Amino acid sequence: MTRMQRPLFIALLGLMLGLGACTSPSPQLYTIAPVSGAEHKAGPSVIVLQQIGLARYLERQQIVRSSEGYKLDVLENDWWGEPLSAMLSRVLIEELSQRLPQSTVLGESGAVTVSPDATVELNILRLDQDTAGQVILQAQAGVNYKDQETPLLQSFRFSVPPSGTGVQNEVAAISTALGQLADKLAPMIATRSPVR
């Protein structure tokens, strides 16, 4: 290496080391797991879960830890493994299929299209921790039946304490809360009446 090349080599080496130090570690990816519940023997033959309406603050890759105190606490390096709305739909379809074994539950955005006997619409208004550390799931549901003009509407609020600190425990509590929502939706769909 000549005298002229040495400073250039040192400069390039310093640049490469600097770039390596600036890169952040790969994000941790998380997924919501389905939770089993009680089965209901009745139910419409074909149910379609429409695309879930998600509060805008939740529409991001990063997991939202909390929305309390007029501030979003977002986990920079802890991400959902897929878009949250799609993941919630996928898990709820699996949970409702398990709870309503006489029904076929499909997603609106899936490749299979049929004329449903019941259509489920869902808004997720909140899905994060409160100041006490409880995971809060707030939702609104509407069920439209093919043979009925007036939809059945109901609001839900669930509070689930994580089993410990850390993102994995928060995601586990979110999974439990979503299972509780499925527990309420299944009899509402099957019996055509609000569930208390």
Q) Length gain on complete extension for the stretch S45 to R192, per 0.36 nm per residue less the alpha carbon to alpha carbon distance? A) 51.6 nm
Q | the stretch 172-188 - phi-based ³J(HN,Hα) in whole Hz, Karplus 6.51/-1.76/1.60, Gly and Pro as x | A | 4, 5, 4, 4, 4, 4, 5, x, 5, 5, 4, 4, 7, 5, 4, x, 4
(Q) Only four residue types carry charge here, +1 at the Cβ of Lys and Arg and -1 at the Cβ of Asp and Glu. Report the dipole size of the chain about the Cα centre in Debye, rounded to the nearest 20. (A) 420
Q) Using modelled backbone amide H atoms (1.01 Å from N, in-plane), which distant-in-sequence or interchain residues come within less than 5 Å of A33's amide H? A) S175
Q) Among L72, L125, L106, which one moves the most in a GNM of the chain with springs linking Cα atoms closer than 10 Å? A) L72
Q.
How far apart, in nanometres, would the label points at Y145 and S26 be if each is projected 7 angstrom from Cα along the Cα-to-Cβ direction?
A. 5.0
Q. Near the amide H of L54, under 5 Å away, which other amide H atoms are found, from residues 5 or more places off or on another chain, if H is placed in the peptide plane?
A. I124
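Go ahead and estimate [θ] at 222 nm for the chain from helices alone: -39,500 (n - 2.57) per DSSP H run with n ≥ 4, summed, over the residue count, rounded to 500.
On the way: 3 runs with 59 residues, N = 196.
Calculated at 222 nm, the ellipticity per residue is -10500 deg cm²/dmol.
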Q | N77-V112 FRET efficiency (beta carbon distance; Förster radius 35 Å; 0.05 resolution) | A | 0.45
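Report the antiparallel proportion of the DSSP beta bridges in the chain as a percent, rounded to a multiple of 5. Walk me through the numbers on the way to the answer.
Values: 23 of 36 bridges.
Once the DSSP bridges in the chain are tallied, antiparallel ones form about 65 percent.
Got the relative contact order for the chain handy, in percent, Cα pairs under 8 Å and 6 or more residues apart?
24 percent.
I'd like to compare 29-38, 146-155: which one has the highest average count of other Cβ atoms within 10 Å, and what's the full order after that?
Working: 29-38: 15.6, 146-155: 11.5.
Per-residue mean Cβ counts within 10 Å order the peptides as 29-38, 146-155.
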(Q) Testing the spin-label approximation: label points 7 Å from Cα along Cα→Cβ at V167 and R56. State their distance in nm. (A) 2.5
Q: Show the residues, 5+ positions off or on another chain, whose built amide H is closer than 5 Å to the amide H of V46.
A: T104, D117, A118
(Q) Just to be sure I understand: if I project the alpha-carbon convex hull of the chain onto a plane and average over all orientations, what area do I get in nm²? (A) 16.3
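Any read-out appearing in this document is the output of simple, stated calculations on the displayed coordinates, not a laboratory observation. Note that the coordinates shown come from a computational prediction; the quantities given were computed from them, not determined experimentally. Neighbour counts run over all protein chains shown; Cβ positions are idealised from the backbone, glycine included.
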